[in-house]
Amino acid sequence: MNAPIRQTILFDLDDTLIHCNKYFNLVIDQFVDAMRTWFHAYPDMTEAAIRRKQVEIDIAGVQATGFKSDHFPQSFLDTYVDFTRLTGRPEDSNEIDLLWSMGQSVYEQEAEPYPDMEETLLRLKDEGHDLHLYTGGEPEIQRRKVDRLRLDRYFGDKIYIRQHKNIAALEQILAEGHFDRHNTWMIGNSIRTDVVPALTAGIHAIHVEAQTEWEYNNISIEVAPQGAFLQLHHLRDVPDGIQLYILGH
């Protein structure tokens, strides 16, 4: 049974349609291993302390200037410098170069789709829904992911890439596109950048649980839904979730 009313559906990209956090976590593990090796003589240099400082610095950078690719490797360098000053261990230019290359390597990973990505998008398209892609990051990096997976098959030119992925950015997209908010959905893994902006804008929201989540994305929801707010475990559950809501209203 097809949904009776055509919906406009905006999908997040990273950790909604494709893997992202798992690659960042792998590189962070490499960073922690390197730091533990270099600072092995200092007992206060625990794995937990290193991870805590890196996350703190990385999140602060995103909050200040949005999703810039340099934030991630810079968080490695700033963490390294912080601990050299704390311990008195001299900085080493070779170590600094290695950390920068290590941080940048995450953007060289292949785009890997989440399970059921193709089937989910194809079903929604076949049901007649209007699909859009709304992602945060630098255009060159995000466009490369889109091209590798040929996502234009589903979204065409309805792709929005924003350095700041927040309420203002979503409002601009909705206003410029003259979206019917009663029939518009935002689907993503991030409470901060997908769900809360969608609920604030008065559109439907679906939170799809990521396989691994970044601390930045986890915030409390303090806005009441004006429409649907669904929390699903799997991407493949999205079409049925939308259809059941529409048929019930």
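The values are calculated or read from the model by the stated rules, or taken from the named source; none is laboratory data. Model, not experiment: these values are computed from the prediction. Here Cβ is always computed from backbone atoms with ideal geometry, including for glycine, and neighbour counts include all displayed protein chains.
Considering only residues in the range 106-117 that are assigned to a helix (DSSP H, G or I) and surrounded by 15 or more Cβ atoms within 10 Å (Cβ to Cβ), the one that is modelled with the highest pLDDT turns out to be Met117.
Here Ala60 fulfils each of the conditions (1) surrounded by 15 or more Cβ atoms within 10 Å (Cβ to Cβ); (2) aliphatic (A, V, I, L, M); (3) closer than 24 Å to Gln142 by Cβ apart from (1). Scanning the range 123-166 for residues that are under 22 Å from Ile242 (Cα atoms), of a type in the set (D, E, K, R), touching a residue at least 60 places away in the same chain (Cβ under 8 Å) and assigned to a helix (DSSP H, G or I) returns a single hit, Arg123. All but one of (1) within 21 Å of Lys68 (Cβ to Cβ); (2) surrounded by 17 or more Cβ atoms within 10 Å (Cβ to Cβ); (3) at pLDDT 95 or above hold for Ala168; which doesn't? Single failed check for Ala168: (2). A residue that is outside any helix (DSSP H, G or I), farther than 19 Å from Asp15 by Cβ, not assigned by TED's automatic domain parsing to the domain that holds Glu140 and not charged (D, E, K, R) occurs somewhere in the range 84-101. Scanning the range 171-196 for residues that are more than 24 Å from Ala64 (Cβ to Cβ), of a type in the set (A, V, I, L, M) and part of a helix (DSSP H, G or I) yields Leu174, Ala175. For Phe83, the conditions (1) touching a residue at least 40 places away in the same chain (Cβ under 8 Å); (2) among the aromatic types (Phe, Trp, Tyr); (3) closer than 18 Å to Lys22 by Cβ are fulfilled apart from (3). Candidates Thr65, Thr79: the one that is surrounded by 13 or more Cβ atoms within 10 Å (Cβ to Cβ) and not assigned by TED's automatic domain parsing to the domain that holds Val238 is Thr79.
Residue by residue through the range 197-247, note down the ones that are farther than 21 Å from Gly136 by Cα, over 17 Å from the mean Cα position of the chain (by Cα), in a loop (DSSP other than H, G, I, E, B) and of a type outside the set (A, V, I, L, M, F, W, C). Selection gives Glu222, Pro225, Gln226, Gly227.
The residue pairs whose first member lies in the range 207-225 and is in contact (Cβ under 8 Å) with a residue 60 or more places away in the chain, whose second member is surrounded by 12 or more Cβ atoms within 10 Å (Cβ to Cβ) and in a loop (DSSP other than H, G, I, E, B), and whose beta carbons are closer than 6 Å, counting only pairs six or more residues apart or on different chains, are Val208/Thr16; Val208/Asn189; Ala210/Asp15; Ala210/Asn189.
Output the number of residues of the range 125-134 satisfying the condition of being farther than 16 Å from Val208 by Cα and either surrounded by 15 or more Cβ atoms within 10 Å (Cβ to Cβ) or touching a Phe, Trp or Tyr at 6+ places or on another chain (Cβ under 9 Å) (or both). Looking only at that region, the number is 6.
For the range 129-162, which positions are within 14 Å of the chain's Cα centre (by Cα) and charged (D, E, K, R)? Selection gives Glu138, Lys145, Arg162. Looking across the range 85-94, just one residue is touching a helix residue (DSSP H, G or I) at 6+ places or on another chain (Cβ under 9 Å) and either basic (Lys, Arg) or surrounded by 16 or more Cβ atoms within 10 Å (Cβ to Cβ) (or both), and that is Arg89. When the range 174-229 is filtered for residues that are of a type in the set (D, E, K, R) and farther than 16 Å from Thr16 by Cβ, the ones remaining, listed by number, are Glu176, Asp180, Arg181, Glu215, Glu222.
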